[in-house]
Every structure is written in C-alpha cells, then in structure tokens.
Amino acid sequence: MLLGVKFVKIVIVAIFNAKLRDLGGDNMNLLKINNLKKTFGGNVLFDNLSLEINTKDKVALIGRNGVGKTTLIKLILNEIAPDSGDIFIFGQAKIGYLSQNIIKSLDNTMFEECLTVFSNLVKLEKQLHDITEHLKVDHSDAILKRYAHTENEFQVKGGYEYLTMIDMFLTKFGFTKTDYDRQIKTFSGGERTRIAFAKLLMTKPDLLLLDEPTNHMDIEIIEWLEEYLKRYNGAVLVITHDKYFINKVVNKIYEIDFNKLELYHGNFDYYEEEKVKRYELLLKAHLKQQKQITHLQSFVDRFRYNAKRASIAQDRVKKINRIKRIEKPKNAHSHVNIKFKTKRPTQVEILEVENLSIGYTFPLIENINFKMRGTDKIGIIGSNGTGKTTLIKTLMGKLKCLHGKCNFYRQMKVGYFDQNQMTLNESLTVMQTIHNVYPGKTVGEVRSDIAKVLFSGEDAYKSVSVLSGGEKVRLSILLLMLEAPEILILDEPTNHLDIDTKNIVEDVFESYDGPIIFISHDRYFINKVATKILSVKKDIEIFEGNYSEYVSIQETLKSKEIKPKNSKIKTSKYEDKEKKVRKLIKQVDNLDIKVDLLKQELFLKDVYMDKNIYEKKTEEIASVEKQIEQLYIKIEELTI
C-alpha cells in the first residue's frame, strides 16, 4: 500500500512539473531527495540526506573516499534501494549516466556505435529516401504531403546535423577519421570510456550524472569538456576530486561529511572559504551555549538543596533541559606533520638537457633543450602517450638517451614517487614498511614517524594491501621524506585521491624548497606547485610560471598568431574556394529537388484547374530555375 502511495505521489509531481514546463518555467526541479537514509553492514552511510537539482544546475558532489558518493548515484539510478526517504524524478526527466553499459556491442565499429544514438533519425532518413524514389513515378497529393511531413520531422529532430554532431564529439574526445571503422573491442579501456562519454553527450539528457569524468583524460579534452558542460542546456551532477574542474563548471556544491549533507552555493574557492566560516561560527555558537549551560548548572548545583532557592534552582533545571543543544562541529581536516630536510635552495643550474632524443627503438620526442635551477619545480604536461614518463625515466637514468645529453652537474640523491605505489610491499604492515627500510629505528621512533602522516593506534598494524589510495600516498610521502632526497621526481602524485588527501599532497610539495620534476594532469596541483611548465606535444616547450600563467601565455599567442607566408595563403585560398564550390553545388542539388516537386504539383487537379494557382506555380518554378542559373555562374567564376 505504501508503495502505491509513493507511486501516486511521483506521478502527481511529474504531471505538475510537466504543466509548469508547458507554462514556460525556466529553472524547475529535475530531482529531489528527501530525508534519505542508507546503511551498509550496520554502519550509517548517510542519514536524513536531502538535496534538489534544478534544470540549469551544475552541481558537484564531494567528500572523502568511502562517504557514499557513488552509492548516492546508484540510489538515484534505482540500482539499490534506500533504507528510508524519497527520491523524486520530475517530469519524466531523462537521466544520462556515464558507464561502459552505454556501449551496445563491442563488435560494432565506433561509427556504428555512435549511429545507435540516432537510430530514429537513420530510419527517418531511409523513409525520406524511399519517398523521394517513389516521387519519380507517383505525383499524387498524398505522397507529396507524406514527403513534406517526413522531411519536416527529419529537419526538426536534427536530421541534417547529426553526422556533424558525431564528428564534433569524436574529434573533441581525441579520435580521428581513421578510428571510425575500428571495432569497439580493438580500443583500450580508456578509449572505450571516451567513446561512451561521447555517446552519452550525444543523447543530451536532462540530467547528466558523471562519476570522476576527468580520470584518464588529457588536459585538452578536459578543458573542452569544461566549456561544453558550462554551456550545457541541461543539469549536471558530477562526482569529482578535480578542484580546477569544479571551479570552472560548478555553481553549487553538496558535500557529504560525517553522514550529513551540506550545501554551498558557489564554486570550489567559495566552498573552501565558506566551510571555514561555518565551522568557526558553529564552534563559537557551541562554546557560547556551553558557557550558558555551565553557568545555569553551577547555580543549580549551589542552590538545589537550599530550601529558599530550591524552586528557582528547579526552574533553571527546566531551562537547561529546554535548550536545543548545538553539537561541537567536527573538523575533518587533519594535518600531516612532514618537513623534508633539504639543503639551502640554490639558484645554480643543476641540470642541463641538450638536443636530447628519447624513446625506445625509435624516438618519441627529439631535440629537447632546457636547463633547471636548484629552486625550480617543473610541471610536465601533455597528452597521454606523448612520452612524459619516458622523459622522466631518461632523466633518472633508467632509460638511455637515444641522442644528445642530459647531465646533472653533480650526483644528486633522487626521491621518486611512483603513481602506482609499486615500491610498496603489499604483504607488510605500515610499521613493517618503515622498519624494513630503517631497521635501526626503535618502535617508538617508527610510531612517531607514521603519526606524522596520520597513522595512529591500530592503523600502525594495517596491511599495506588494505590501505586506501590516499593512505598509500601518505605512506609513500613518508618514505620519500625519510630518504632526505636532494631532488624529487613525481609521476602523477594526485591520481585517485580525494580532496582532503590532495590538500595534504599539495601542501607537502608546495612547502618543499628543493627542486621537483613532476608529471600531472591535475591543474590545481600544477598551479599550486609548479614554477615552470614543460609542455610535451610534437616538440617540447618550456614556460616560466605556473599553470594559470601558462594558459594566459597560450591565449595571448593564439590571439597574435602570425599570418602564414604567401605559399600557405595560396593554399588556404584554394581550399576556401573548394569549400565554397561544394556549398554552392549542395544548394543547386536542393533547388533541383524543389523544382521537381513544384513541377509535380502542376499535375494536381487543384492546381491545373485554377489558372491563378497554376500561374503562381509556374512563376515560382521560373524563379527557382533562375536561382539555379545564378549559382552555376558563381561556380564557373570560382573554378576558372
């Protein structure tokens, strides 16, 4: 019975919302969650959780790993059921979720897979072609009306744009025309995710649900995606730890923290400031209330057994009981206590790379040239597969130079951070991991060390195999610190970390005053740590400054692009002519079809029986034929 009531409620909401939409409502509810509760194995994931998403909202759902963000998405998708509470999806809104299930068949080619999004348009296009063929032998009113109706439906639904849309999305996600005929099963997992993502965006759902959309994406794709989602006509709910992405796209943040949901109206920078303000205000209110309660309680304790004051004391007891208690706010931000021991920073050059070629059998990148000082922190950026990891392995001496040289001016102790934490032994505990490397340390000293990276109590005896990604990173950073390296080389140090752990990693490496060379796709991290940017494309370019300054330089260069030389201008003019000719030929083809249809209408009884209508039709035919003649003149002029 309760399910029936809930169903009726959802239907009523859907009808009401549909009526609002008909009346022209601009920013209405798409999704509303009331008092949601979910537990797993007796542990409360969240309780009394409520949120709403409107048609134009761009929302980030944030929180530490394990707080239930992905679970909330599964609840919205009805993949799992809540313990209690309601989830309303309004107006039969279409929800799109990024998953591998979007791929219908691994045997399809990439282009065939994308066409499945537009199956209705493909059918309409075939119908239109069949009707056009039928028009060659049948000029009846019925067939003409059928053509007009089908062609109008095809146009309104985007029939003339869908192939362009497929090209645009696939190109933006890094694919080329040569990929179109490849079967999906021949692509890597990351490439399949990008195909699925492109397909999802082609469907244009009312609400996009995205779980870590920037994972395994090149910076160029991420930046295009940010601009696209900012302008997206629907709503977006994204789970992400990418603070730069949140700042660029989002206007509303929900944070799951200590089983509760908190709303912030703004981007990540606003969230960080507002969270501190709310914490301080709540702590102040709590302390003020505690002071009030203590004052009242002291009066009660003093006069409770005094016959003259007993009634007043009892009144104070009632007053204490009526106070709605303000809980002391919890602070989730723990701080690591790491300080790398480094020699005094030096402006002296420590590394010279000259005419370097890197790779394996064949070079990936050639003619690399740059110098590095002892205070530089160089952020290496570029698309996947361009040779970034090969470069740092060559600098470390793990790979031989194919040509040229890379010389450290003196022997330096290198601290290397592996993004996969391959240097950690999964069979050891946290304590054993440190003790095995430094057997001379006492148990107390090891405990003191691991406490610096927030391992305390029983955490010391956790096996490395059960540690979260963030915990492994903290342990790896501790091992780096204990090595006392003279230069740090980091490979994707913030991969798969939640925001709290990213904050720790950023602070540690920003405060390190020695030289760093690091690879990262995390623009917030690059911005905070880097003093130089090394951009890996076909060639390598180095820029002074952080990521924001690098972007600013790139935009300036684009706006001041030098015009090509005469030979290139001739080529571009020729290509421009070809483009114009193709466009004119297409216009001629469309007008030819129009003339044929108008001539067929001359055979209709309603037309040839009415002199005025017939003359108008013949005049219209003459006018269109004149347009065709003028187009042919233009084509001739362009092709001379």
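The values are calculated or read from the model by the stated rules, or taken from the named source; none is laboratory data. What you see is a predicted model; the values in this text were computed from it and never measured. When we count neighbours, we look across all protein chains shown, and the Cβ atoms used for this are built from the backbone with ideal geometry, even at glycine. When the accessible area is computed, the model is the full protein with side chains, heavy atoms only, and any ligands, DNA or RNA have been set aside. Shrake-Rupley method; radii C 1.70, N 1.55, O 1.52, S 1.80 Å.
Pulled fully out, how much extra length does the chain show between Lys393 and Thr442, if you take 0.36 nm times their separation in residues and subtract their Cα-Cα distance? Write down the numbers at each step before the final one.
Numbers: separation 49, 0.36 × 49 = 17.64 nm, distance 3.49 nm.
Residue separation times 0.36 nm, minus the Cα-Cα distance, leaves 14.1 nm.
Taking Cα centroids, how far is region 250-327 from region 120-144 in Å?
Going from one Cα centre to the other spans 73 Å.
Between region 436-504 and region 53-89, what is the separation of their alpha carbon centroids in Å?
Result: 32 Å between the Cα centres.
Taking only the alpha-carbon positions of region 223-360 and ignoring solvent, what does the Debye formula give for the base-10 log of I(q)/I(0) at q = 0.13 Å⁻¹?
Debye intensities relative to I(0), on a log10 scale: -0.87.
Treating region 187-304 as a set of equal point scatterers at the Cα positions, no solvent, please give the Debye-formula log₁₀ I(q)/I(0) at q = 0.21 Å⁻¹.
These q points yield log10 I(q)/I(0) values of -1.20.
Averaged per residue, what accessible area in Å² does the chain show with a 1.4 Å probe, protein chains only? Write down the numbers at each step before the final one.
Values: 36170 Å² over 640 residues.
Accessible area per residue: 57 Å².
Out of region 166-205, which trypsin sites (Lys or Arg not before Pro) are coil in DSSP terms and have no more than 16 other C-beta atoms within 10 Å? Intermediate values should be presented prior to the final figure.
Details: sites: Lys172, Lys177, Arg182, Lys185, Arg192, Arg194, Lys199; in loops: Arg182.
Answer in residue order: Arg182.
For the chain, the longest stretch holding no GluC sites (Glu not before Pro) located in a DSSP loop with at most 13 other Cβ atoms within 10 Å is which?
On the way: sites that count: Glu79, Glu161, Glu327, Glu426, Glu561.
Longest gap between qualifying sites, sites excluded: 162-326.
Region 60-203: D in µm²/s via Stokes-Einstein (Kirkwood Rh, Cα pairs, 25 °C, 0.890 mPa s)? Don't skip to the answer; put the middle values down first.
Working: Rh = 18.5 Å.
D, rounded to a whole number, is 133 µm²/s.
Find the centroid of the Cα atoms in region 381-408 and in region 185-211, then give the distance between the two in whole Å.
First find each Cα centre; the distance between them is then 32 Å.
Please report, in debye to the nearest 20, how large the charge dipole of the chain is about its Cα centre when each Lys and Arg carries +1 at its beta carbon and each Asp and Glu carries -1 there. Walk me through the numbers on the way to the answer.
Values: 99 positive and 88 negative charges, 589 e Å.
So the dipole magnitude of the chain works out to roughly 2820 debye.
How much length, in nm to one decimal, is gained on full extension between Met412 and Lys284, taken as 0.36 nm per residue of separation minus their Cα-Cα distance?
Values: separation 128, 0.36 × 128 = 46.08 nm, distance 5.03 nm.
Working it through step by step, the gained length comes to 41.1 nm.
I'm spelling it out carefully: the read-out is P(r) over Cα pairs in 20 Å bins from 0, in percent, the candidates are [x] 15, 37, 36, 12, 1; [y] 13, 36, 31, 14, 4, 1; [z] 16, 47, 33, 4, 0, and one was derived from this structure. Which label?
Evaluating P(r) over Cα pairs in 20 Å bins from 0, in percent on these atoms matches [y].
Take the solvent-accessible surface of the protein heavy atoms, probe 1.4 Å, and return the percent of it on region 53-155 that carbon and sulfur atoms account for.
Working: 2600 of 5270 Å².
The nonpolar share, carbon plus sulfur, comes to 49 percent.
Rank Asn247, Leu263, Gly189 by how far each Cα sits towards the positive end of the charge dipole of region 188-339 (+1 on Lys, Arg Cβ; -1 on Asp, Glu Cβ) and give me just the farthest.
Leu263
What is the spin-label model distance, in nm, from Gln314 to Glu354 if the labels are put 7 Å beyond Cα along the C-beta direction?
Simple spin-label model gives 9.6 nm for this pair.
Taking θ = phi - 60°, what integer Hz values does the Karplus form 6.51 cos²θ - 1.76 cosθ + 1.60 yield along region 194-211, in sequence order, with x for Gly and Pro?
Karplus-based 3J(HN,Hα) across region 194-211 equals 5, 5, 4, 5, 4, 4, 4, 5, 5, 6, 6, x, 5, 10, 8, 10, 10, 10 Hz.
Which of the trypsin sites (Lys or Arg not before Pro) across region 386-446 are loop residues per DSSP, with 12 or fewer other Cβ within 10 Å? Mind showing how you got there, number by number?
Details: sites: Lys388, Lys393, Lys398, Lys400, Lys405, Arg410, Lys413, Lys441; in loops: Lys398, Lys400, Arg410, Lys413, Lys441.
Sites meeting the loop and neighbour criteria: Lys398, Lys400, Arg410, Lys413.
Under the rule a/c < 1.5 gives rounded, and otherwise a/b versus b/c splits prolate from oblate, where does region 425-545 land using the Cα gyration tensor? Spell out each step's value before the answer.
Numbers: a/c = 2.42, a/b = 2.01, b/c = 1.21.
In terms of gyration-tensor shape, prolate.
Hey, what did region 426-478 get for relative contact order, percent, Cα under 8 Å, at least 6 apart? Before the final figure, lay out each step's value.
On the way: 41 pairs, mean separation 26.5, N = 53.
Once normalised by length, the contact order is 50 percent.
Rounded to the nearest 500, what is the chain's calculated 222 nm mean residue ellipticity when only DSSP H runs of at least 4 contribute -39500 (n - 2.57) each, over all residues? Spell out each step's value before the answer.
Values: 21 runs with 305 residues, N = 640.
Estimated from H runs of four or more residues: -15500 deg cm²/dmol.
Can you find, among Gly415, Gln432, Ile450, the residue sitting farthest towards the positive end of the charge dipole of region 405-455, where Lys and Arg contribute +1 and Asp and Glu -1 at Cβ?
Of the listed residues, the answer is Gly415.
In nm, give the distance between the simple-model label positions of Lys599 and Asp181, each being 7 Å from the Cα along the Cα-to-Cβ direction.
3.7 nm
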